[in-house]
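Have a look at the structure below before the remarks.
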Amino acid sequence: MEIKRYYKVITFVILPIAFLFLLSGCYARKKDKNLKVRIAFFPNITHAQALVGKELGIFQKRIGKDVKVEYKVFNAGPAEIEAFLADEVDIGYIGPIPAINGFAKTNGEIKIIAGATNGGMMLVSRQDLNIKNLDDLKGKKIAVPQYGNTQDIVLRFLLSKAGLKDTTKGGDVEIIQAENPDIKTLLDRNQIDAALVPEPWGTRLKKEVNSNVVLDSSQIRQYIDIPTTVIITTTKFLKEYSDIVEKFLIAHLEVTDFIEKNPEKSYEIINNQISEITSKPLPADILKDSFKNIKLSSEIQRKSLEKAIESYFELGYLREKPNIEKLVNTEILDIIKNKEVY
């Protein structure tokens, strides 16, 4: 009988106290003065809002002085997703394909919470080659920034439309991965035949190494119209820090509005950030011409995203197609827009 009483004390007294302790711990974490939010992005103009918001301090201002904003720079989406998996990033600007892949890898932990940019991709070839359409890519060597990123999947989708596939799948198109600056060198030295890259690299390759444009941004969208950059976070962060997510999205909308109303100033800011991160500023004409291929938008084009999911699945990168309603969560974004608080 004494033993039974003992366990009753544990069950009805100790456990509730422990539960209250855990709750208080979670509350304390939210009130932690050392709390920080880690924002990921690429030094590309397709991540314009991140670059401008960082330099102007808009994210820090909106989120508030009690939360430290830190920035994490990546060169491609898969690396950023790995950082999310390692709990090194809280919110990130990223391509839709890595976002979809991250969602699949984490059993739905990754969520798309807003859009950022559309367009901004270009398929170019060496100046000495007569490549005018997708059929001409047969037997060629083509570079992308990273396997599994948005440009890689778009390229594979385009090849499939011409009945082509890469050599690892038994086809006769060799696809290699290289960082964007290296792609420029490879094209200039005739070590690759073509490349599918994000802006500003498409325009840079066109102007600096006289690459031919096989498909510009608008022509690519005729085949597959998917977002270029979206914003993601995790279910855990969204649940625990919805207030920070809301403030971040308000800042994102504010920066988007600033860029649209102040293009010339924004070009300067973007170039300052690219120069600071990569030590290689862009020529003013390349920056302006690149921006012509990009459309800023916080909206999530669900039909386009569904097309991306379908393409990713058809190419064999997904075991099953994610439910877009579980992948996308724009509840906070919708509330902000309805309130018109930016």
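The values are calculated or read from the model by the stated rules, or taken from the named source; none is laboratory data. Nothing here was measured: the structure is a model prediction, and the numbers come from that model. All Cβ positions, even for glycine, are placed from backbone atoms using ideal geometry, and neighbour counts span all protein chains on display. Note: accessible area is taken over every heavy atom of the protein model, side chains too, but ligands, DNA and RNA are not part of it. Shrake-Rupley method; radii C 1.70, N 1.55, O 1.52, S 1.80 Å.
Could you list, in sequence order, all residues of region 125-163 that are in contact (Cβ under 8 Å) with a residue 60 or more places away in the chain, surrounded by fewer than 16 Cβ atoms within 10 Å (Cβ to Cβ) and of a type in the set (Lys, Arg)? Across region 125-163, the qualifying residues are Lys132, Lys161.
Close contacts from region 319-342, counting a first residue that is among the charged types (D, E, K, R) and a second that is modelled with pLDDT under 95, with Cβ to Cβ under 6 Å and a gap of 6+ residues or different chains, come to Lys321/Ile309; Lys321/Phe313; Lys326/Gly108.
Suppose the filter is open to solvent by 50 Å² or more (accessible area, probe 1.4 Å), without any contact (Cβ under 8 Å) to a residue 12 or more places away in the chain, basic (Lys, Arg) and at negative phi; does Lys184 pass it? The answer is no for Lys184. The residues of region 242-271 that are closer than 23 Å to Lys292 by Cβ and of a type in the set (A, V, I, L, M, F, W, C), listed by number, are Leu253, Val255, Phe258, Ile259, Ile269, Ile270. Taking the condition of being within 18 Å of Glu55 (Cα to Cα), assigned to a helix (DSSP H, G or I) and in contact (Cβ under 8 Å) with a residue 24 or more places away in the chain, how many residues in region 267-296 meet it? Total meeting the criteria: 9. Taking the listed residues Ser298, Ser242, Ser275, Ser304, the one that is polar (S, T, N, Q) and either touching a His at 6+ places or on another chain (Cβ under 6 Å) or farther than 22 Å from Lys72 by Cβ (or both) is Ser304, with no other qualifying. For region 303-342, the set of residues classified as touching a helix residue (DSSP H, G or I) at 6+ places or on another chain (Cβ under 8 Å), assigned to a helix (DSSP H, G or I), at pLDDT below 90 and open to solvent by 80 Å² or more (accessible area, probe 1.4 Å) consists of Glu306, Glu314, listed by residue number. Just to be sure before I move on: is Ile112 of a type outside the set (D, E, K, R), open to solvent by less than 30 Å² (accessible area, probe 1.4 Å), closer than 27 Å to Glu254 by Cβ and modelled with pLDDT of 95 or more in the structure I sent? Here the answer is yes, as Ile112 does meet what is asked.
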